[in-house]
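The values are calculated or read from the model by the stated rules, or taken from the named source; none is laboratory data. Everything numeric here is computed off the predicted structure, so don't read it as measured data. All Cβ positions, glycine included, derive from the backbone under ideal geometry; neighbour counts span all protein chains shown.
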Amino acid sequence: MNDQKILDPAEFAARLNDSFGTEPLHAPFADDVRRGRKRLRRRRVTASLATLAAVGVVGTGVATMQTPSSVRPAEVAPAAQPELTEAEILAQCSTGENALFLDGTGQRDEGDAVRLLGERPTLMTSAVIDNRTHATLRSEDGEYWGECQFRNTPDNGVKNALAVYPTAVDFPRRTVAGVQAYQPANEADPRFTGGPDSPLPSLEVPCVSLLSGEERWAVDAKCPQFTMTWTDRRPAEVAAVKVVTPDGKASWADVREGYLSFAYTGDMTPEIAAQVARGEAPGAKRVVFYDAAGEVLVDDRDPGEVPGRGELSILSFPSLAWWLE
Amino acid sequence: MRRSETEFATFVAARRPHLRRIAYALCGDWHQAEDLVQTALAKLYVAWPRLHKQGAEEAYTRRIMVRANIDESRRPWRRESPGLDHHDRAMDADHSEDDRSELIQALQQLPPMQRKVVVLRHWLDLSVEQTAGELDISTGTVKSHTSRGLAALHRLLSAGDVDAVGAERTRSL
């Protein structure tokens with residue numbers, strides 16, 4: 001019998017009520033509505049205009065052999081590949097700078113991250129843009145995998161970083177819209193709701209600035225380009241991934257056994273600039289997952305949004321980095 | 001303003017302070033608490049017509065925050081600042097972690113699930129079953145986390161053993 005003393009629950013509640021002190025100002029209500037409207041508008045517009053989605057051509061890079069050619073229409077640009085050798089990428093990822101290991105219990109150990117990848121990790125996927133390289137790696141023993149990013153040029157604002165996860169994670173599957181996929185018990189499932197760093201294509205502005213807040217947004221909006229990057233590990237049946245970026249252009253990610261790296265640079269359009277000036281970061285317009293036979297697993301025209309019951313989204317093939325518990 | 005938006009506004013005006021306090025009790029940081037509330041309210045706005053009809057708006061928002069917070073610590077590693085470092089209005093910088101009370105600091109030294117259980121059970125007064133549903137864990141787990149959490153808080157507070165802010169946090173996760 002445990003005879004340890006416990007805090008009286010009533011005392012806890014009373015003390016907590018007195019613990020908040022002077023609270024910071026709340027963000028204006030108008031901002032809550034603006035964010036909500038933006039989220040709702042994006043959901044509606046992407047649904048109604050889906051068939052009109054523009055598909056452009058980006059003619060850079062060299063085709064990777066890791067994605068099934070049968071699912072690669074000629075009009076979609078392949079993932080641009082780094083000029084670095086595999087050994088050079090692995091070396092850059094293994095420096096230990098900002099390394100983090102995350103396991104299923106939330107334990108985090110920075111020291112272990114590089115060690116767990118072992119002496120000879122495998123480079124699974126990679127993608128490059130001017131200011132950075134993204135890669136996914138798998139440890140020699142197959143027990144761990146990592147996602148990595150590093151800057152390609154000095155002082156460009158990109159943070160070198162490595163996150164390592166165990167590979168032995170899976171997700172419960174059931175038949176959803178005719179395929180084996182994940183269906184959450186409710187919309188508040190943490191793998192669905194995510195957070196500010198959800199594993200989705202992420203827009204940034206590559207112009208370095210020391211400003212913050214609205215001053216920063218105004219400067220960012222004038223940057224001539226934007227970037228969109230994404231590293232992730234999805235279920236192994238995801239064999240190819242096409243991303244339609246906010247400028248309407250379509251590109252392939254580098255994908256292998258569900259591991260993926262995506263990096264894209266596009267010209268800032270007036271529409272994107274207007275959003276950036278408001279402090280918003282538009283997401284991908286569309287993400288399509290294909291299986292190894294070239295069949296569409298899911299064509300998600302509102303990436304990151306929770307699907308209705310019985311419907312599919314890319315969240316139905318969830319990020320295994322977020323499936324640790 | 002449309003009727004549903006007016007209703008949303010009324011809810012936010014009435015409940016936003018409380019929701020942010022919940023977030024703060026969970027994460028111990030006003031900036032992160034504000035982020036959590038903003039994210040949850042944006043999701044609530046989209047689902048508002050259905051949830052408002054069901055009277056489930058507050059429970060939904062709370063659940064979003066509690067569960068999103070679980071994963072908040074998972075991917076902080078890639079944050080950088082070549083552009084768009086803050087997508088939403090920044091909070092004023094006057095509220096540093098040093099302002100946190102001893103109890104808030106002690107709460108942050110509990111493992112995340114213990115902290116959530118204690119806050120939901122004994123501050124928000126949710127039942128064992130409601131807490132289990134909110135966190136998607138068993139009622140037995142709720143009970144064990146409750147007793148361990150309160151015992152740990154008692155020990156930390158009575159021994160004056162609350163660390164300088166967060167010194168133990170990363171290890172106790």
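Data table
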| item | result |
| --- | --- |
| Failed condition for residue B:130, given (1) touching a residue at least 24 places away in the same chain (Cβ under 8 Å); (2) more than 9 Å from every other protein chain (Cβ to nearest Cβ); (3) not β-branched (Val, Ile, Thr) | (1) |
| Residue A:278 within 24 Å of residue A:132 (Cα to Cα) and not hydroxyl-bearing (Ser, Thr, Tyr) | no |
| Subset of the stretch B:17-48 (residues that are in a helix (DSSP H, G or I), in contact with an Asp or Glu (Cβ under 7 Å, 6 or more places away or on another chain) and acidic (Asp, Glu)) | none |
| Criterion (under 21 Å from residue A:320 (Cβ atoms) and modelled with pLDDT of 65 or more) met by exactly one of A:206, A:199, A:190, A:224 | A:199 |
| So residue B:42, is it more than 7 Å from chain A (Cβ to nearest Cβ) and modelled with pLDDT of 85 or more | no |
| Residues located in the stretch A:127-138, provided they are more than 14 Å from the chain's Cα centre (by Cα) and either part of a strand (DSSP E or B) or modelled with pLDDT of 95 or more (or both) | A:128, A:129, A:132, A:133, A:137, A:138 |
| Any hit, the stretch A:268-277, residues being under 22 Å from residue A:177 (Cβ atoms) and away from chain B (no Cβ under 14 Å) | no |
| Failed criterion for residue B:16 (all others in (1) modelled with pLDDT of 90 or more; (2) crowded, with 23+ Cβ neighbours inside 10 Å hold) | (2) |
| Test result for residue B:14, facing chain A (nearest Cβ under 10 Å), free of Cβ contacts under 8 Å to residues at least 12 places away in the same chain and either part of a helix (DSSP H, G or I) or touching a helix residue (DSSP H, G or I) at 6+ places or on another chain (Cβ under 8 Å) (or both) | no |
| Test: residue in the stretch A:299-312 that is away from chain B (no Cβ under 14 Å), part of a loop (DSSP other than H, G, I, E, B) and of a type in the set (Gly, Ala, Ser) | yes |
| Residue list for the stretch A:258-278, filter: without any contact (Cβ under 8 Å) to a residue 12 or more places away in the chain and buried (at least 22 other Cβ atoms within 10 Å of the Cβ) | none |
| Matching residues in the stretch A:273-316 - criterion: being among the acidic types (Asp, Glu) and in contact with a helix residue (DSSP H, G or I) (Cβ under 9 Å, 6 or more places away or on another chain) | A:280, A:291, A:295, A:299, A:300, A:302, A:305 |
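Matching residues to (1) more than 14 Å from every other protein chain (Cβ to nearest Cβ); (2) more than 22 Å from residue A:162 (Cβ to Cβ); (3) part of a helix (DSSP H, G or I); (4) in contact (Cβ under 8 Å) with a residue 12 or more places away in the chain:
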{"residue": "A:209", "(1), (2), (3), (4)": "no, yes, no, no"}
{"residue": "A:215", "(1), (2), (3), (4)": "no, yes, yes, no"}
{"residue": "A:219", "(1), (2), (3), (4)": "no, yes, yes, yes"}
{"residue": "A:226", "(1), (2), (3), (4)": "no, yes, no, yes"}
{"residue": "A:235", "(1), (2), (3), (4)": "yes, yes, no, yes"}
{"residue": "A:242", "(1), (2), (3), (4)": "yes, yes, no, yes"}
{"residue": "A:251", "(1), (2), (3), (4)": "yes, yes, no, yes"}
